[in-house]
Each structure stands twice: as C-alpha cells, then as structure tokens.
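To start, the structure itself, in structure tokens.
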Amino acid sequence: MDLPIDAHDIEYAENFLVTGDLATAVPLLEKLVQMLEEYVEAECSDTSKTQWFSFADPFERLAYRRIERDPRELVQMEAPVDRLYGALGFAYIRQQQWESARDALMQAVRWNPMNCNYRLDLAELFRVLGDVQEWAALSNSVIERASDNRSAARAYANLGQFFLDEDRASAASGCARIAQRLAPTEQRVVRLMSRLMNEHPEVAEETDDHVMGELVLEGVPTTPNAEIAVCLLMCASDAAAEGDTAMATDLTVRAHHLVGEEACKALIKLIYESDAELKAERAAGSVDPRSDEAGE
C-alpha cells in the first residue's frame, strides 16, 4: 500500500493557510491527516527494531542518531508528514483551538523530534493551557537539540521567565546571560532582560560562576549541545565534498553561532583527525560510523 499523500498535497493545503483561508485549509489538512493516519495504522506499526520518521535532511537524521541513541532502523517517510501536523497545529492556533493545536504539534514532534520550532511552539501551547511545568520541560529539551542560536536563545529565555515566576532570580539571570550571548535581539531575550533588571537588579552583581552553578543545580545545561555542532560540521564537510558550498557554509555558520568560533575550530580539528583515522579503518574494512549500521 502506497502512502496516499505527498509533498504537493501538503504544499497545496499550506498555500490556503498562508493566504489566511482557514475555511479551506483546515478541512483539507484534517482530511490529509485522516488519510495519513489510516495508512500509518496499516503500514507503519512501531516495533522494537523499526521506527518511521519525517526528517527534513541528513543532518536531522544524524543528529537524532547521536543525541537519542535510538538503535532501531530509521525509515524515512516519503512525504514531510511532520509539516502536515505542524500546519494543522498552526491552523488550530489561528482559531484559538488550543487543545487541538497541542495534539497536532505533539504529532509533529513525534514525526520529527529534531525540529525545535515544533517543540517551542508546543511549549507555548502548554503554557497557554496552564501547564507551566511542561512549558519549562519542553524548553529545556530544546537546549539539547537546538541547531541554531535563535532556537537555543528562545529556550533559555523561556526558562529564565519560568525561574523568575518561581522567584529563583539567580537561575533566571544565568538563563538570561546565555540567551543574550546567543541572540541578543531575540524578542523573548529582550523581554527577559528587561524584566530581570526591573524586578531583580541585584543579580547583575552576581558572578557568572554563581549563576551558572544555580543552573546546574536546576538541571539546565549551561551551553548548547556541542554534539549538535559536531553533527552540523560533519554534514558541512560532506556537503563541501559533494560540491554544495552553499549548504556547507550554512551548516558551518549555524555551528559557529551555536557554540562560538573557538569551540568550532576545536571541533573541526577533532573531526579532521577523526576522519583521518576513519580512512585508515575503512581501508581495513571497518564501517563508517555515520551510517545507520554503526553504533554511534
């Protein structure tokens, strides 16, 4: 049985959404979801060995492998079904159907767990619905997976607001300082800094060591995940080898913005050294660890 929808079907429905024609977009998106779910129930049952996903590119697939350590075979869907659920979620948000939007975005995250925009939008829906703990938990989960500085900054800004609401000003200051380094003009970051200065100006005198220590106690990483930067740089290297200089540049810039220039230089050096070792191992018959057969 073939997948009954394709990318063109999703794009057709998205066009109505972009023009604001919700009366046409919503029933069309819902029909596509119904067709998809009937297919998934019949053809894509999860097992201990196989799982279906809708990654946007090889980077997301590699990042999922390295971050989640999922040992199953990853099967790529033939259509961007995460976008379908994301579009439906956005349509429901436009109609202020918060619970339906939440459910749709949960499915978008399920199909593409590496897309941090879905996670951040879902976090906001939980906040609107009054579940601030889930808002904070989803925001925290973004830090481990963020592959661009703005997503990471939004996540830290959310957590900073959460800690302020909980009267934990030092932890909020730690989040604000990291977020400001990542994306100082991001609106959420600006709002957090303003609120922090107005409500707790005294924390400006606290040292970085102190406020970062408070974040560690709260279980919040004090930097974006370097493993994501490694994946970006590995994929940039592959793109450059294939002659796709635009993609290689984009991925490298994202890594720089995420972890900084010095960290990127160190990671690039490690990758080059590792690649040299891998060439020797492949010559001896070893498996490339970037493939699904290897145990990353």
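In table form, for the structure just shown:
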| item | result |
| --- | --- |
| Qualifying residue in segment 273-281 (condition: over 26 Å from A153 (Cβ atoms) and not in a helix (DSSP H, G or I)) | no |
| Failed item, numbered, when E144 is tested on (1) closer than 28 Å to T252 by Cα; (2) crowded, with 17+ Cβ neighbours inside 10 Å; (3) touching a residue at least 24 places away in the same chain (Cβ under 8 Å) | (2) |
| Subset tally (residues that are basic (K, R) and either under 28 Å from C116 (Cβ atoms) or touching a strand residue (DSSP E or B) at 6+ places or on another chain (Cβ under 9 Å) (or both)) for segment 18-56 | 1 |
| Residues of segment 207-221 satisfying the condition of being surrounded by fewer than 17 Cβ atoms within 10 Å (Cβ to Cβ) and without any contact (Cβ under 8 Å) to a residue 60 or more places away in the chain | T207, D208, D209, H210, G213, V216, L217 |
| Helices (runs of 4 or more DSSP H) wholly inside segment 1-114 containing at least 1 residues that are farther than 28 Å from D238 by Cβ, modelled with pLDDT of 95 or more and among the basic types (K, R) | 22-43, 81-94, 98-111 |
| Entirely in segment 158-239, the helices (runs of 4 or more DSSP H) that have 1 or more residues that are among the polar types (S, T, N, Q) and under 29 Å from A63 (Cα atoms) | 169-182, 187-199 |
| Q76 open to solvent by 70 Å² or more (accessible area, probe 1.4 Å) and closer than 20 Å to C44 by Cβ | yes |
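The values are calculated or read from the model by the stated rules, or taken from the named source; none is laboratory data. Note that this is a predicted model, so its numbers are computed, not measured. As a convention, Cβ positions derive from the backbone with ideal geometry for all residues, glycine included, and neighbour counts pool all protein chains shown. Protein only, heavy atoms only, side chains kept; ligands, DNA and RNA dropped before computing areas. Shrake-Rupley method; radii C 1.70, N 1.55, O 1.52, S 1.80 Å.
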